[in-house]
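Worksheet: one structure, shown below.
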Amino acid sequence: MKKVFTLALSLSMMFTAVACSSGSTTTPSASTEPTKSAAATAAASTAPSKDPVKLRVAWWGGQARHDYTLKVIEMYEKAHPNVKIEAEYAPFDDYWKKLAPQASANQLPDVIQMDISYLTQYGGKNQLADLSAYTKNGLIDVSSISPNAVSGGEVGGKLVAMNLGVNALATTLDVNTFKSLGIDVPSKDWTWEDYDAIAAKAKAKGKQIGGFALHHEVFFPYYLRTLDQKMYKADGTALGFNDDKPLVDYFKRYQKWYDSGSILSLDKESQKKGVAEEDEIMLGNAITGNGWSNQFLAVANLVKDRPLELAPLPGRNGNKGLFLKPSMYFSIANSSKQKEEAAKFISFFVNDIEANKLIKGDRGVPVSSKVKDALKPLLSPNEVKIFDYVAWAEQNSSQMDPPNPVGSIEVEKLLKATSEQILYKKATVEEAAAKFRKDANAILEKNKK
């Protein structure tokens with residue numbers, strides 16, 4: 001998505017809870033699925049309504065995202081005077097901690113910003129409404145959005161989330177600092193060995209590299225993809241790699257960076273909230289950062305005295321590792337009593353050009369071709385860098401893996417705990433890798449029918 005890049009990252013995020021939209025847990029009834037043509041329904045959706053509606057809309061992000069999202073909400077309320085929207089937001093980690101008890105109490109917000117890591121968990125439990133009816137009847141306008149972009153929100157044959165934008169993994173480079181330290185700026189085909197050399201040279205000059213900011217659940221699957229392996233089997237019943245070597249090799253490199261002081265200590269990293277204001281490049285401590293392309297903007301906009309650039313992650317076969325990912329989604333809670341109005345808000349967020357002049361790709365490069373074309377002449381230099389990088393990635397990447405299976409959140413927590421065991425020297429890399437595979441496969445074993 002987050003800390004790392006903040007490169008995206010931005011990686012930022014989230015919200016507070018106000019219970020106002022509990023109710024039926026069924027999908028839209030026949031009475032809420034219009035039989036009009038899509039064009040007629042879309043036209044009707046813009047007609048003034050006198051019935052008061054209250055929506056709760058939740059998202060994660062940093063302060064910049066909160067600010068412009070609130071302005072977009074004001075725009076929507078002005079166009080729909082009968083609608084009042086309660087905003088709920090928080091940093092990424094806090095967001096999911098708040099969302100879980102709301103889900104248990106059947107009091108999820110009407111509109112929920114959703115991440116691909118949680119898509120199967122919430123969608124598979126029937127907590128997210130099927131949006132297919134709304135894309136078909138025009139309440140969610142997908143006329144300028146490719147089918148591939150839409151299908152990225154499907155789980156179990158249902159469209160449970162609307163893609164808000166696409167992004168790609170990337171490394172942020174502080175080019176001026178590279179040059180001032182006498183370190184060559186890497187090319188697009190750089191390797192892990194190149195990164196090792198950069199880390200050593202930077203450390204000798206008193207600087208660090210960004211590392212992965214504890215987000216091994218993002219970067220280890222990328223590493224596996226460069227080896228033609230996957231994190232999970234297609235049926236979700238086990239890990240997709242069959243021996244310890246990939247994890248051992250990955251963590252031996254990370255341990256070397258950690259032991260040499262090339263990346264932040266665990267105690268310092270754990271104190272971060274994943275917002276751009278805490279980014280180590282912005283603070284002048286690191287010369288690289290890793291994360292999602294959409295996270296680049298928040299950091300780059302804060303660094304006023306030197307330009308930052310986007311590059312692909314290192315590694316041979318990087319085109320196999322790289323993929324275009326839905327940066328995040330909007331979903332509608334199945335418990336919402338205002339599904340139709342929630343669908344209209346999502347359509348506005350995705351398609352309205354004036355609203356997207358505020359959003360400007362912070363949630364990923366827009367999925368609507370009309371919005372993308374309208375924004376191009378208005379983009380700042382940093383925004384152009386994101387759009388150009390994603391366009392490059394589109395031509396130098398491979399198909400995205402399916403949404404993570406049920407149990408993946410537990411596996412991700414296990415992976416983080418494994419990294420801590422290794423870095424704190426409580427287990428050797430080999431011991432930790434073997435235990436991780438055994439425990440992770442036991443978690444996923446439950447998915448067998």
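Figures for the structure shown
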read-out: Cross-chain or 6+ apart pairs with Cβ under 7 Å, the range 89-103 first and assigned to a helix (DSSP H, G or I), then of a type in the set (Lys, Arg) and at pLDDT below 95; value: PHE92/LYS2
read-out: Enumeration of residues in the range 51-88 that are outside any helix (DSSP H, G or I), more than 12 Å from VAL111 (Cβ to Cβ) and within 20 Å of the chain's Cα centre (by Cα); value: TRP60, GLY61, GLY62
read-out: Residue count, the range 262-300 (criterion: assigned to a loop (DSSP other than H, G, I, E, B) and open to solvent by 20 Å² or more (accessible area, probe 1.4 Å)); value: 11
read-out: Flag for ASP110 being crowded, with 16+ Cβ neighbours inside 10 Å and within 26 Å of TYR222 (Cα to Cα); value: no
read-out: Unmet criterion (only one of (1) surrounded by fewer than 20 Cβ atoms within 10 Å (Cβ to Cβ); (2) modelled with pLDDT of 95 or more; (3) over 13 Å from GLU341 (Cβ atoms)) for LYS54; value: (3)
read-out: So THR191, is it over 23 Å from ASN382 (Cβ atoms), within 25 Å of the chain's Cα centre (by Cα) and β-branched (Val, Ile, Thr); value: yes
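The values are calculated or read from the model by the stated rules, or taken from the named source; none is laboratory data. Being a predicted model, the structure only gives us computed values, none of them experimental. Please note: Cβ atoms are built from the backbone with ideal geometry, for glycine as well, and neighbour counts cover all protein chains shown. Surface areas here come from the heavy atoms of the whole protein model, side chains and all, with no ligands, DNA or RNA. Shrake-Rupley method; radii C 1.70, N 1.55, O 1.52, S 1.80 Å.
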